[in-house]
1. Can you tell which of Lys95, Lys111, Lys84 is surrounded by 16 or more Cβ atoms within 10 Å (Cβ to Cβ) and of a type outside the set (Gly, Ala, Ser)?
2. Would you please name the residue that is nearest to the chain's Cα centre (by Cα), looking only at residues in region 82-114 that are away from the ligand (no atom under 14 Å from the Cβ) and under 16 Å from Glu33 (Cβ atoms)?
3. Search region 92-110 for residues that are under 23 Å from Asn43 (Cα atoms) and without any contact (Cβ under 8 Å) to a residue 60 or more places away in the chain and pair each with any residue that is hydrophobic (A, V, I, L, M, F, W, C) and within 13 Å of the ligand (Cβ to nearest atom) when their beta-carbon atoms are under 9 Å apart and the residues are at least 6 apart or on different chains.
4. Mind checking which residues of region 1-50 are surrounded by 12 or more Cβ atoms within 10 Å (Cβ to Cβ), farther than 29 Å from Ala125 by Cβ and aliphatic (A, V, I, L, M)?
5. Given the condition within 16 Å of the ligand (Cβ to nearest atom), under 22 Å from Lys121 (Cβ atoms), within 17 Å of the chain's Cα centre (by Cα) and in a strand (DSSP E or B), answer yes or no: does some residue in region 57-77 qualify?
6. Take Ile113 and tell me if it is in contact with a Cys (Cβ under 9 Å, 6 or more places away or on another chain), farther than 15 Å from Leu73 by Cβ and at pLDDT 50 or above.
7. Condition (residue is within 29 Å of Leu100 (Cα to Cα), at pLDDT 90 or above, in contact with a Lys or Arg (Cβ under 9 Å, 6 or more places away or on another chain) and not β-branched (Val, Ile, Thr)) applied to region 122-144: is it met by at least one residue?
8. Residue under question is Gly134, and the condition is that it be surrounded by fewer than 13 Cβ atoms within 10 Å (Cβ to Cβ) and within 16 Å of the ligand (Cβ to nearest atom); does it hold?
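The values are calculated or read from the model by the stated rules, or taken from the named source; none is laboratory data. Keep in mind the model is a prediction, meaning the values are calculated, not measured. Positions of Cβ are backbone-derived with ideal geometry, glycine not excepted, and every protein chain shown enters the neighbour counts.
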Amino acid sequence: MARIHAKIKDARTDFLHKLTTRLVQENSLIAIEDLTIRNMLKNHKLARSISDASWGEFFRQLEYKCDWYGRKLVKIDRFFPSSKRCNHCGFVMDKLPLNLRSWDCPSCGTKGIDRDINAGKNILAAGLAVLVCGATVRPDESKSRKAGAMKQKPKS
Ligand SMILES: [Zn+2]
């Protein structure tokens, strides 16, 4: 049993390293939502999948690898309404229950907005705003900001 657990752990670590290295190598900017993993672990419905996916370790690796490769890592404040904001018109929903995976915007009429894709687009837009305008979404948006000149995205 212990050997099986060790094997699973190794496979997970290997996967995380490959994934974070690829993300950092292929992108000059990475924007992430600064989720409070510790608080989310208190939610029993989410706890298992969050700790299985090793989110904390994933963010840690992204951070130091962005430093290594001179990439920009922007953390978007967790209070930024990434899920509730329509990425087409900017309308912000009052409430968006976790189990609602897609929704229709009452303002611009866009139908079937995918919760995660919408959030991803909003987080990227906020990350680009930080990069281009130096807007602050959070006081210490990135440690890797100090890394200096940004490298061009490598041709793949
Ligand atoms: Zn809309």
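1. Details: Lys95 fails: surrounded by 16 or more Cβ atoms within 10 Å (Cβ to Cβ); Lys111 fails: surrounded by 16 or more Cβ atoms within 10 Å (Cβ to Cβ).
Result: Lys84 is the single residue among Lys95, Lys111, Lys84 that is surrounded by 16 or more Cβ atoms within 10 Å (Cβ to Cβ) and of a type outside the set (Gly, Ala, Ser).
2. Here the answer is Ser82.
3. Filtered contacts from region 92-110: Met93/Cys86; Met93/Trp103; Met93/Cys105; Leu96/Trp103; Ser102/Ile113.
4. Ala47
5. Of region 57-77, the ones within 16 Å of the ligand (Cβ to nearest atom) are none.
Scanning region 57-77, I find no residue that is within 16 Å of the ligand (Cβ to nearest atom), under 22 Å from Lys121 (Cβ atoms), within 17 Å of the chain's Cα centre (by Cα) and in a strand (DSSP E or B), so the answer is no.
6. On the way: in contact with a Cys (Cβ under 9 Å, 6 or more places away or on another chain): yes; farther than 15 Å from Leu73 by Cβ: yes; at pLDDT 50 or above: yes.
Spelling it out, Ile113 is indeed in contact with a Cys (Cβ under 9 Å, 6 or more places away or on another chain), farther than 15 Å from Leu73 by Cβ and at pLDDT 50 or above.
7. yes
8. no
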